[in-house]
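Visitor: Pasting a structure here, questions to come.
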Amino acid sequence: MTDVQNPEILHRKPKRFQWLKWLRRTHAWVGLWGAALGLLFGVSGILLNHRMVMKIPAAKMERSHIEIALPEPLPVDAKALAKWLRAQLRIDREPSKISTEPAKAVIWSGQNLQQPSQWRVDFHSPQQSVNAEYWVGNAYVSIKRQDANVFAFITRLHMGVGMGTAWVLLADTLAGGLVFLSLTGLLLWTKLHGSRLLMAGLGLASLGLAVFVVLSSL
């Protein structure tokens, strides 16, 4: 008895194999693109995930506090203060944040007092943070500085502290790549391994475990 196959099936098989070959190649190249960043975000993610619960002391910030006398005449506004601080402290980046709190009346020991305006200037980079606080009328500005060790530097990169738009967009490509890898991984599993029931079971088990952990921590 001769086994005769449908010509349409014979014609479709090469196309299916070519599509799977393209899918596997694309999956591999996207994975290679995100390998280095994935390692960075993976290590820093572990540090961030464990620093609160398990108290891993790897990431540390060395803190220091100084007060600097202001020049005469005093800065006229918060932007002028930020410009002076950049030159005085030799900071090579623009302020991450400049904020002002207007003067207001407060009650202290039963007396009505006028609290002066407060200016805040923050400079952030992955290596360090500089926070300046100035009460209008004082002759000095209070400055707090935090310097990151290697692990803190990595975690700050993970959070994008002090990084610009280019870094955010680069991290977005990694996030998009992870979505793509997840979808193509599911397709490759169904096409190469079959057993859609097993795939659905693994996916639902993972999702159910995540939901259970989240609900149990609420």
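Visitor: Just give me the residues in region 115-145 being open to solvent by 30 Å² or more (accessible area, probe 1.4 Å) and in a loop (DSSP other than H, G, I, E, B), in sequence order.
Guide: P116, Q127, V136, G137, N138, A139
Visitor: Would you confirm whether or not region 59-73 contains a residue that is at pLDDT 70 or above, more than 17 Å from the chain's Cα centre (by Cα) and assigned to a helix (DSSP H, G or I)? Talk me through it step by step, then tell me what you get.
Guide: Residues of region 59-73 that are at pLDDT 70 or above, as a first pass: 59-73.
If we keep only those that are more than 17 Å from the chain's Cα centre (by Cα) too, we end up with 60-73.
Now restrict to residues that are assigned to a helix (DSSP H, G or I): none.
No, that holds for no residue.
Visitor: Looking at region 75-98, which of its residues are open to solvent by 80 Å² or more (accessible area, probe 1.4 Å), among the basic types (K, R) and either in a loop (DSSP other than H, G, I, E, B) or in contact with a strand residue (DSSP E or B) (Cβ under 6 Å, 6 or more places away or on another chain) (or both)?
Guide: R90, K97
Visitor: May I pose another question? Considering each residue of region 160-173, count those that are out of contact with any helix residue (DSSP H, G or I) (no Cβ under 8 Å at 6 or more places or on another chain) and in contact (Cβ under 8 Å) with a residue 24 or more places away in the chain, and give that number.
Guide: Summing the residues that are out of contact with any helix residue (DSSP H, G or I) (no Cβ under 8 Å at 6 or more places or on another chain) and in contact (Cβ under 8 Å) with a residue 24 or more places away in the chain in region 160-173 gives 1.
Visitor: Evaluate the following for M1: is it outside any helix (DSSP H, G or I), within 19 Å of the chain's Cα centre (by Cα) and at pLDDT below 75? Break it down stepwise before answering.
Guide: Details: outside any helix (DSSP H, G or I): yes; within 19 Å of the chain's Cα centre (by Cα): no; at pLDDT below 75: yes.
For M1, the condition - outside any helix (DSSP H, G or I), within 19 Å of the chain's Cα centre (by Cα) and at pLDDT below 75 - is not met.
The values are calculated or read from the model by the stated rules, or taken from the named source; none is laboratory data. Just so it is clear, the structure is predicted and the values come from calculations on it, not from any experiment. Cβ coordinates were reconstructed from backbone atoms using ideal geometry, including for glycine residues, and neighbour counts include every protein chain displayed. Accessible surface areas use protein heavy atoms only, side chains included; no ligands, DNA or RNA. Shrake-Rupley method; radii C 1.70, N 1.55, O 1.52, S 1.80 Å.
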